[in-house]
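Asker: A single structure is presented below for examination.
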Amino acid sequence: MVYKTRSELDALVAALEAEVPMLIAGAEPLARQNIWASHAEIILAEAHAEDFDYVFDRLESMLRKYDIFDGPAGA
């Protein structure tokens, strides 16, 4: 398997973050989780072992930022 470089992984994470609001807009909690997880899993699969924790932390931060598992406040 050919793994992505850290800068390529950063670009993938940034692209996902730019799309997250549109991807999860109006979706039910389980759908939000599934949508996000399917995208995140692809990125993590392309991370070499030495970059995995770095990418995981960035994705986890995005997860909290967008409150993907609980949904927006008041939803």
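Asker: Which value, in debye to the nearest 20, gives the size of the charge dipole of the chain about its Cα centre, when Lys and Arg are +1 and Asp and Glu are -1 at the Cβ?
Answerer: 160
Asker: Where only protein heavy atoms count, and the probe is 1.4 Å, what is the accessible area per residue for the chain in Å²?
Answerer: Values: 4820 Å² over 75 residues.
Result: 64 Å² per residue.
Asker: Something else: What longest range of the chain stays clear of loop-exposed chymotrypsin sites (Phe, Trp or Tyr not before Pro) (DSSP non-H/G/I/E/B, at most 15 other C-beta within 10 angstrom)?
Answerer: 4-68
Asker: Okay, moving on. Using a 1.4 Å probe on the protein chains only, how many percent of the accessible area of the chain belongs to carbon and sulfur?
Answerer: The C+S portion of the solvent-accessible surface of the chain is 58 percent.
Asker: Given the DSSP H assignment, sum -39500 (n - 2.57) over each helix run of at least 4 residues in the chain and divide by its residue total; what's the result at 222 nm in deg cm²/dmol, nearest 500?
Answerer: Computed ellipticity for the chain at 222 nm equals -24000 deg cm²/dmol.
Asker: Sticking with this one: Can you tell me the orientation of helix 49-65 relative to the chain, as the angle in degrees between its alpha-carbon axis and the longest Cα principal axis, to the nearest 10?
Answerer: It is inclined by approximately 20 degrees.
Asker: To the nearest 10 degrees, how steeply does helix 6-24 sit against the main Cα axis of the chain, on a 0 to 90 scale?
Answerer: 10
Asker: With N residues in the chain, what two-decimal value do you get for its Cα radius of gyration over 2.2 N^0.38 Å? Don't skip to the end; give the middle numbers.
Answerer: Working: Rg = 12.7 Å, N = 75, 2.2 N^0.38 = 11.3 Å.
So the Cα radius of gyration is 1.12 times the expected 2.2 N^0.38 Å.
Asker: Taking the Cα atoms only, what angle lies between the long axis of helix 29-45 and the longest principal axis of the chain, rounded to 10 degrees?
Answerer: 10
Asker: Restricting to DSSP loop positions (anything but H, G, I, E, B) with no more than 14 other Cβ atoms inside 10 Å of their own Cβ, which GluC sites (Glu not before Pro) remain in the chain?
Answerer: Numbers: sites: E8, E17, E19, E41, E46, E50, E60; in loops: E46.
Loop-located and lightly packed - none at all.
The values are calculated or read from the model by the stated rules, or taken from the named source; none is laboratory data. On a predicted model such as this, the values are computed, not experimentally measured, just so you know. Positions of Cβ are backbone-derived with ideal geometry, glycine not excepted, and every protein chain shown enters the neighbour counts. In case anyone asks, the SASA skips ligands and DNA or RNA and just uses the protein heavy atoms, side chains included. Shrake-Rupley method; radii C 1.70, N 1.55, O 1.52, S 1.80 Å.
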